[in-house]
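Notes for the one structure printed next.
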Amino acid sequence: MGFGIVGHGFLEVVRRKKEMLKAMGLDINVVSVTDITGTVYDQSGIDFEKIQGARTLEGLANMEATGQAAIEEIESDLVVEVTPTNIDHGQPGLGHIEAALSQGMHVVTSNKGPLVVAYKTLKDLAKENEVQLKYEATVGGTMPLLSLVEKNLVGNKIHSIRGIFNGTCNYILTRMMEEKYPYGYALNEAQELGIAESDPTYDVDGIDTAGKVVILANSIFDMDVKYSDVDVTGITGITTEALNLSWDRGYLVKLIGDVPALTVKPMLVPRRSPLAVGGTLNAASIETDLSGTITVTGLGAGSIETASAILSDIVGIYTTARL
Ligand SMILES: NC(=O)c1ccc[n+]([C@@H]2O[C@H](COP(=O)([O-])OP(=O)(O)OC[C@H]3O[C@@H](n4cnc5c(N)ncnc54)[C@H](OP(=O)(O)O)[C@@H]3O)[C@@H](O)[C@H]2O)c1
């Protein structure tokens, strides 16, 4: 559901890894792809070649139904939900996920909106229907964070997770620091490179990071919080002078999301800290009782990178289902 940057990446990853997955015992058959214009459907498996080069499904769709109607009409085991994020009402993803879970289909998503708005309802719905809802890509893109905590750190008490969860902000701050660019100049550069949107509010005001804080709080810390519970400050007020002063004292300034503190704000990070990553990288430090502090870093966005996290969730679902 959704045939944009991540949707295209997902099909490409399935195409590239089909044989490897088959050898592992997982034969993925993509029976449909839907965007806002319609659905390409073939129960025996769609022909990737026919749609891969197209930006949208306009003129290619052989089924009119989109959205929930398509989910309800098509027989499948799992829905990959990769439509645009809206963290005010969660739509259209929320309706798609509810429809899929209610029909007994697993769901894997990179869309934060539905989880920020209705995490508990969706988790309960998945449980009720004995299916899984997985969302690794919503938090750190390709950076394994949820699965790391759930699988490798199982048995640990997680005291906190602090990190850089927005590559656009990290890129702007890195360029301001390294090149002494003023904020506006660094933002323009990021926009020209396609790292920042033409309307960058969602990233630079910390809204995207706050959404990720909500998902981490609800899923890892078992809290029941909403976007409005997070205290959010973005990066638009940061000056080159402040960055220079911090550097002279041995620090970088990073936009840090903190759970369970439920804050998003620019913070000083020691230059030698594992969180001192540059460019568009994301990083998260997980503080635990048994394993000490573990830090992961990786790309928070990208077509193939995000699709990799989606694939990993799918494999996770079928591995668990077989146990
Ligand atoms: N891009 C990344 O690197 C990245 C990383 C992590 C998470 N995410 C998240 O993953 C999701 C997808 O991101 P993206 O970059 O692929 O977005 P995108 O390029 O904007 O693609 C969204 C797709 O969803 C389609 N769509 C919109 N409304 C729909 C509806 N009602 N029914 C069916 N399809 C609909 C769009 O169709 P039209 O183009 O025709 O409108 C488009 O094909 C977003 O929630 C995003 O926040 C993205």
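The set of residues from segment 28-47 being away from the ligand (no atom under 16 Å from the Cβ) and either modelled with pLDDT of 95 or more or touching a Leu at 6+ places or on another chain (Cβ under 7 Å) (or both) comprises Ile28, Asn29, Asp42, Gln43, Ser44, Gly45. If only residues of segment 1-22 that are under 12 Å from Glu81 (Cα atoms) and part of a helix (DSSP H, G or I) are counted, the one that is nearest to the ligand (Cβ to nearest atom) is Val6. The residue of segment 213-236 that is least open to solvent (accessible area, probe 1.4 Å), among those that are in a loop (DSSP other than H, G, I, E, B) and closer than 15 Å to Ile164 by Cα, is Ile235. Checking Leu101, Leu78, Leu60 one by one, the residue that is of a type outside the set (Lys, Arg), closer than 27 Å to Thr209 by Cα, away from the ligand (no atom under 11 Å from the Cβ) and surrounded by 14 or more Cβ atoms within 10 Å (Cβ to Cβ) is Leu101 and no other.
Residues of segment 275-284 include at least one that is within 16 Å of the ligand (Cβ to nearest atom), closer than 30 Å to Leu78 by Cβ and assigned to a loop (DSSP other than H, G, I, E, B).
Condition test on Gly67, is it buried (at least 17 other Cβ atoms within 10 Å of the Cβ) and within 13 Å of the ligand (Cβ to nearest atom)? Yes. Inclusion of Ile87 among residues that are on the phi < 0 side of the Ramachandran plot, within 12 Å of the ligand (Cβ to nearest atom) and not in a loop (DSSP other than H, G, I, E, B) is not warranted. Scanning segment 194-204 for residues that are part of a helix (DSSP H, G or I) and of a type in the set (S, T, N, Q) gives a single hit, Thr201. If you check Val82, Val13, Val6 for being in contact with a Leu (Cβ under 7 Å, 6 or more places away or on another chain) and under 19 Å from Thr142 (Cα atoms), only one passes: Val13.
Pick out, from segment 113-193, the helices (runs of 4 or more DSSP H) lying fully within it that include 3 or more residues that are surrounded by fewer than 18 Cβ atoms within 10 Å (Cβ to Cβ). In segment 113-193, 183-192 are the helices (runs of 4 or more DSSP H) which contain 3 or more residues that are surrounded by fewer than 18 Cβ atoms within 10 Å (Cβ to Cβ).
When each of Gly302, Gly292 is tested for being surrounded by fewer than 20 Cβ atoms within 10 Å (Cβ to Cβ), out of contact with any helix residue (DSSP H, G or I) (no Cβ under 6 Å at 6 or more places or on another chain) and at pLDDT below 95, the lone residue that passes is Gly302. Count, please, the residues in segment 237-264 that happen to be open to solvent by 20 Å² or more (accessible area, probe 1.4 Å), of a type in the set (Gly, Ala, Ser) and within 18 Å of Tyr183 (Cβ to Cβ). Residues that pass the stated criteria total 2.
Scanning segment 33-44 for any residue that is outside any helix (DSSP H, G or I), in contact with a Phe, Trp or Tyr (Cβ under 6 Å, 6 or more places away or on another chain) and within 14 Å of Gly7 (Cα to Cα) turns up at least one such residue.
The listed residues are Ile28, Ile5, and the only one of them that is open to solvent by 80 Å² or more (accessible area, probe 1.4 Å) and within 24 Å of the chain's Cα centre (by Cα) turns out to be Ile5.
The values are calculated or read from the model by the stated rules, or taken from the named source; none is laboratory data. These numbers come from a predicted model, not from an experiment. Here Cβ is always computed from backbone atoms with ideal geometry, including for glycine, and neighbour counts include all displayed protein chains. Surface areas here come from the heavy atoms of the whole protein model, side chains and all, with no ligands, DNA or RNA. Shrake-Rupley method; radii C 1.70, N 1.55, O 1.52, S 1.80 Å.
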